[in-house]
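Reading through the C-alpha cells given below for one structure.
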Amino acid sequence: MDTVKTIKEVREYIKQWRRQGLSVALVPTMGYLHDGHKSLVERASKENHRVIVSIFVNPTQFGPNEDLDTYPRDLEHDKKVCESAGASLIFNPEPSEMYFDDRCTNVEVEGLTNGLCGAKRPGHFSGVCTVVSKLFNIVTPDRAYFGEKDAQQLAVIKRMVRDLSFDIEIVGCPIVREKDGLAKSSRNIYLSKEERQEALSLNRSLRRAKKRLKDGERDTNIIKKAIEEEINKETLSKIDYIEIINSEDLKPVEKIEKTVLIAIAVFIGKTRLIDNFTFEMEEK
Ligand code: PAF
C-alpha cells in the first residue's frame, strides 16, 4: 500500500486501475483513524477492487475558534489501520496541494445545512462539500463511504451528489461504538478520565429516547425533554442541540409520524461530541 501526496500521483494510479477495468472506492477521512473508519475501509474493500483512503485535515471546515491546530494526527498509525483494512492507496495531501491561495470557488448545499451542526458551525458544510467535491473529482470513485455518526454530513453529501450529477454511489455505514456505548470519534482522545465517563450520557440519553419511542411516545418535546434530563444529570456537559428531524429533508418535526433522525451535540468540557439514531416508523 502506497502513500502519495499529490493529485497527479493519485490520477496515475486511477488511470492504471481503470485500464484494468477495476472498480474504485474512496473513503474520505481526516485521519487519526479508529474502528469506525476501519469499518468503512473494510466494507469498501469488500465491495470494490481498489480503495483510496484520503487523510486530510481540511482547514476550510473548521471555524476560527475550533480545533484545527490541535486536531489529532498520527500518519504511521493510520497507515497500519488502512493496510490491515485492505486499502490500496492513501492520499495525504498538504493544504497547498488542495487549495490555491487565490481560490474563489466553494460548493454550497442550501437548506439541509441550516440546522444542527450547520447552524452551530457556520461555514462548516461549505468546507466539507468543497473538499469532498474536490476529492470526488480527483479520485472519480465508483463508490464513496461515509459514517452515519455524521448524519447531517451524509444527508448533505447525498444531496450534493444528486444535485451536481456526480456519478458516485454514496454508502452510509453504521456507527461503531466502544463497548460501553460511546460512539467512536477521533475527538474522544481529548476527553479526560472524568469527561470520558460523562460522555456516556450521549448514548444513554439516546437509548432512553429510543425506549420512549418504542413504548409509543410520539411527541418530540417529550422525547427531547427525556434526552435533556439524562444529559443534564452530568456536571461537565453542556447541550449544544437536541433535534428530531425528518431523515430526508432534515426539517424539524413536532409529531413523529414518519422515519426520523434524533441527533444530539453535547460539549463535554471543551470537547464537542455528536451522536444520533434513526427511528424507523412502519409505513401505514
Ligand atoms: O467526516 C470527515 O472526517 C470529514 O468531514 C470529511 C468527510 C473527510 C471531509 O473533510
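The values are calculated or read from the model by the stated rules, or taken from the named source; none is laboratory data. All values reported here derive from a predicted model rather than from experimental measurement. Here the Cβ is made from the backbone with ideal geometry for all residues, glycine too, and neighbour counts use every protein chain on show.
With the condition kept exactly as written, say whether any residue in the stretch 66-81 is surrounded by 18 or more Cβ atoms within 10 Å (Cβ to Cβ), polar (S, T, N, Q) and in a loop (DSSP other than H, G, I, E, B). There is no residue in the stretch 66-81 that is surrounded by 18 or more Cβ atoms within 10 Å (Cβ to Cβ), polar (S, T, N, Q) and in a loop (DSSP other than H, G, I, E, B).
Inspect the stretch 155-167 for any residue being surrounded by fewer than 18 Cβ atoms within 10 Å (Cβ to Cβ), more than 13 Å from the ligand (Cβ to nearest atom), under 15 Å from Leu261 (Cβ atoms) and touching a residue at least 40 places away in the same chain (Cβ under 8 Å) and give the result as yes or no. Within the stretch 155-167, none of the residues are surrounded by fewer than 18 Cβ atoms within 10 Å (Cβ to Cβ), more than 13 Å from the ligand (Cβ to nearest atom), under 15 Å from Leu261 (Cβ atoms) and touching a residue at least 40 places away in the same chain (Cβ under 8 Å). Could you go through the stretch 114-121 and let me know if any residue there is within 24 Å of Lys251 (Cβ to Cβ), in contact with a helix residue (DSSP H, G or I) (Cβ under 9 Å, 6 or more places away or on another chain) and surrounded by fewer than 17 Cβ atoms within 10 Å (Cβ to Cβ). The answer is no, given that none of the residues of the stretch 114-121 is within 24 Å of Lys251 (Cβ to Cβ), in contact with a helix residue (DSSP H, G or I) (Cβ under 9 Å, 6 or more places away or on another chain) and surrounded by fewer than 17 Cβ atoms within 10 Å (Cβ to Cβ).
Residues in the stretch 18-44 that are within 15 Å of the ligand (Cβ to nearest atom) and assigned to a helix (DSSP H, G or I): Asp35, Gly36, His37, Lys38, Ser39, Leu40, Val41, Ala44. Take the conditions within 26 Å of Arg18 (Cβ to Cβ), among the small types (Gly, Ala, Ser) and either free of Cβ contacts under 8 Å to residues at least 60 places away in the same chain or within 12 Å of the ligand (Cβ to nearest atom) (or both) and apply them to Ser96. Does it pass? No: the conditions fail for Ser96. Being closer than 13 Å to Thr29 by Cβ and out of contact with any Gly (no Cβ under 8 Å at 6 or more places or on another chain) is the filter; apply it to the stretch 45-71 and report the residue that is farthest from the ligand (Cβ to nearest atom). Residue satisfying both the conditions and the ranking: Ile52. With the condition kept exactly as written, say whether any residue in the stretch 195-212 is modelled with pLDDT of 95 or more, outside any helix (DSSP H, G or I) and closer than 21 Å to His34 by Cα. Yes, because at least one residue in the stretch 195-212 is modelled with pLDDT of 95 or more, outside any helix (DSSP H, G or I) and closer than 21 Å to His34 by Cα.
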